[in-house]
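The values are calculated or read from the model by the stated rules, or taken from the named source; none is laboratory data. Source: prediction; values computed, not measured. Positions of Cβ are backbone-derived with ideal geometry, glycine not excepted, and every protein chain shown enters the neighbour counts. Quick note on the areas: whole protein, heavy atoms, side chains included, nothing else; ligands and nucleic acids left out. Shrake-Rupley method; radii C 1.70, N 1.55, O 1.52, S 1.80 Å.
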Amino acid sequence: MSLQNLPMIFVLVGLVFYVVLGGADFGAAIWQVLTSRDERGDSIREHAHTAVGPVWEANHVWLIFVLTVTWTAYPAALGSLASTLSVALFVAGLGIIVRGAAYALRSGTDDPREIGRIDAASAISSVLTPFALGAAIGGIASGRVPFGNAKGDLITSWLNPTSILIGALAVVFCAYLAAVYLSADAVRRGEADLVAPFRTRALAAGTLAGALSIGGLIVLHNDVPHLYHELVAGDGLPAVIVSVLAGVATFALVVRERFEPARYSAAVAVAAIVAGWALAQSPTFLPGLTVEQAAAPHDVLVAITVAVLGGAVILFPSLALLFRLTLGGRLGHGHEEQAATPVVARRELVLAAAPGLLGRVAAAFLLAGFGFLTVAEAGWAHAIGVVALFGFIVVGFAGTVPALLEGEPEA
């Protein structure tokens, strides 16, 4: 793997996180409006709203991450995407704004009529946004976004058979993921009366997603033959198999009401779809442009790699804590420190026993990382350089933060 391909892996990982997490947010809004206007329907809507509320902003950070990394690592390609797909991206952006505004407006009213209008606007935006983003991906996959400023058609680049298929799949996947997650949340919260409604919705959405996926192969065969052959007989086939197996496993887990493992198998199914598309299209980014040709200069790619890995050291523990508190029902409630104290004490003893050691190790990682990434040209050397820079960030963080906190007054 070359350094030019590494940011694309970051982009694909971010895309998976956005579909798995942000997609469930959109799906929850869809289920809020697709329910009856009675006491039971009110419970379903309230559960869909409160379950996603604490994490919806964090979920959409992944879209910003995808756009930022693509912009800095492949600027010319992003210019082509943003200009040709400007209409689709505008629709998606507008939908995200409406969806976010709905959260704020809904918490400021108790009028059932106003809540109904807000939920309706939120649901419409939650259909348009994943559809527009999926349609944009369909335009890329079908080769309708040529390299160059606004070289493609502003309408047919994202409104074509492949784009409509992928847009529809995106909407159904969002509803499916949301139903699975909300079923698990209902079990966790002890709301047994909500488990069956969301389980039924998950099974219905899963069935529809499977039918669309099978029918979609016919669309791809007729509209994008080379992509179809790569998916069913080329490099994308292993990922397609994984996606099918994970999808079947998720459906079986939902039938057996084992919703917690179903969360993860559903995420695997979505991740495999993204991986299959990437493998089937590789090494092409846009028609006539490969990923390596679209990449920014070497020094920029090094900086991006360091920034992403450095951010990951902070971001992933923070997100893990957020979701742990949310899923555990403890978000916003204080808890006394318990078992963490002995762990902290042991860490402080280790640091005190080796003063300056972590600083020297971090400096060694830094020199090795920049050396392998800037001097060497081989792919294996770049891989070592990335690992070394990641080691610098981890060791440097571990050695610096305790020192910074040492002088903090106790609460």
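Just so you know, the Rg over Rh for region 14-173 is 1.03, from Cα atoms, with Rh as the Kirkwood radius.
Take region 7-117 with all the other protein chains still there, run a 1.4 Å probe, and you get 44 Å² of accessible area per residue.
Scalar couplings 3J(HN,Hα) for region 17-26, obtained by applying the Karplus form with A = 6.51, B = -1.76, C = 1.60 to θ = phi - 60°, are 4, 5, 5, 5, 9, x, x, 5, 4, 4 Hz; x denotes Gly and Pro. Centroid-to-centroid, using Cα positions, region 109-140 and region 216-278 are 25 Å apart. Taking label positions 7 Å along the Cα-Cβ direction at both I218 and R256, the computed distance is 3.3 nm, reported to one decimal.
Around the amide H of T290, modelled in the peptide plane, lie the amide H atoms of F285, all under 5 Å away and 5 or more residues distant in sequence or on another chain.
Per residue, the accessible area of region 145-263 comes to 47 Å², computed with a 1.4 Å probe over protein heavy atoms only.
What a 1.4 Å probe finds exposed on region 47-106 is 82% carbon and sulfur by accessible area, rounded to a whole percent.
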